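Read-outs throughout are calculated quantities, based only on the coordinates presented, and are distinct from any laboratory measurement. It should be emphasised that the depicted structure is a prediction, and the values quoted were computed from it without experimental measurement. Please note: Cβ atoms are built from the backbone with ideal geometry, for glycine as well, and neighbour counts cover all protein chains shown.
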Amino acid sequence: MFPGIQQQLIDRGIHNTATLRAMQKVPREAFVPKEITKEAYQDNPLPIGYGQTISQPYIVGYMTALSQPSKQKKVLEIGTGSGYQAAVLGEVFKEVYSIEIIPELANQANKTLQELKYSNVHVRCSDGYFGWPEKGPFDAILVTAAAEKVPPPLLEQLAEKGRLIIPVGSQGWFQELMVYEKIKGQIHARRTIGVRFVPFTRHD
Ligand SMILES: C[S@@+](CC[C@H](N)C(=O)[O-])C[C@H]1O[C@@H](n2cnc3c(N)ncnc32)[C@H](O)[C@@H]1O
């Protein structure tokens, strides 16, 4: 299903079996605009409208593997976009909660996920800064838009041993993909790779 899986993911160090299996299974072409379905598996992000993008497959695989997936765990994603990352998470987590700030994208992603029968993936339209407290705490939180600072509500909604994975840095430039892990109630931060994400936006 994923033609470049060896070169794009495995050769670059992604070895988490559940992640690779999920990316082999989820039809990425269902999440990109019809005019560019032939480009779906290219090694780069693609436009999905409203100035937003579906992330490069490698970044989706990298963040998924880093989230320590398990069918016993619950995950929150901020930045549903096309719904592709949410579908990959739906394959490897028990429940997925995903928040998108642009209503049209949230609706389209919901439709695609329903057509593909991802009944464990729940999408809502709101400002992801505040997380989804009614459904927390989460074993992992993935933010797929670049923030200048970490939203404190997301750290609060992290379960013990949970990981928040978030690109932090100047918007429109490169950011660092940070991991914040909660151990005995304390937050431990570490840097991973350099990334470039679209901005984390807020309603005025
Ligand atoms: C790189 S795209 C996400 C790609 C997506 N994960 C996918 O698989 O297609 C980033 C998304 O984050 C959304 N976003 C930005 N700021 C947000 C916020 N405060 N709350 C929720 N979503 C936000 C954008 O509208 C955009 O759709």
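Antiparallel as a % of all DSSP beta bridges within the range 67-204, to the nearest 5?
Percentage antiparallel, nearest 5: 40.
Report, in deg cm²/dmol and to the nearest 500, the calculated mean residue ellipticity at 222 nm for the chain, where each DSSP H run with n ≥ 4 adds -39500 (n - 2.57) and the sum is divided by the residue count.
Mean residue ellipticity at 222 nm (helix-derived): -6500 deg cm²/dmol.
With θ set to phi - 60° and the Karplus curve 6.51 cos²θ - 1.76 cosθ + 1.60, what are the ³J(HN,Hα) couplings of the range 177-190 in order, to the nearest whole Hz, using x for Gly and Pro?
Values, residue by residue: 7, 9, 10, 10, 10, 9, 10, 6, x, 9, 9, 10, 9, 8 Hz.
Which net charge results when you count Lys and Arg as +1 and Asp and Glu as -1 among the other residues whose beta-carbon is under 13 Å from that of Gln8?
The answer is 0.
Near the amide H of Val198, under 5 Å away, which other amide H atoms are found, from residues 5 or more places off or on another chain, if H is placed in the peptide plane?
Result for Val198 returns Ala146.
Order of 172-178, 79-85, 55-61 by packing, highest average Cβ count within 10 Å first?
79-85, 55-61, 172-178
How big is the antiparallel share of DSSP beta bridges in the range 1-154, given as a percent to the nearest 5?
Numbers: 3 of 17 bridges.
Bridges in the range 1-154 are about 20 percent antiparallel.
What does the charge count near Asn107 come to, summing +1 for each Lys or Arg and -1 for each Asp or Glu among other residues with Cβ under 14 Å from its Cβ?
So the surrounding residues net to -1.
Short version: ³J(HN,Hα) in whole Hz for each residue of the range 58-73, in order, from phi by Karplus 6.51 cos²θ - 1.76 cosθ + 1.60 (θ = phi - 60°), x for Gly and Pro, what are they?
Whole-Hz 3J(HN,Hα) from phi for the range 58-73: 4, 5, 4, x, 4, 5, 5, 4, 5, 7, 6, x, 7, 6, 9, 10.
When a/c reaches 1.5 or more, the comparison of a/b and b/c decides; with that in mind, is the range 105-147 rounded, prolate or oblate per its Cα gyration tensor?
Judged from the Cα gyration tensor, the range 105-147 comes out prolate (a/c at least 1.5, a/b above b/c).
For a test of the definition: using alpha carbon positions, the gyration tensor, and the 1.5 limit on a/c, classify the range 1-134 as rounded, prolate or oblate.
oblate
So for the chain, averaging the separation of alpha carbon pairs under 8 Å that are six or more residues apart and normalising by length, what relative contact order in percent results?
Taking the mean separation of contacting Cα pairs over the length of the chain, I get 15 percent.
In nanometres, what is the gap between the two model label sites at Gln7 and Glu39, each 7 Å from Cα along Cα-to-Cβ?
1.7 nm
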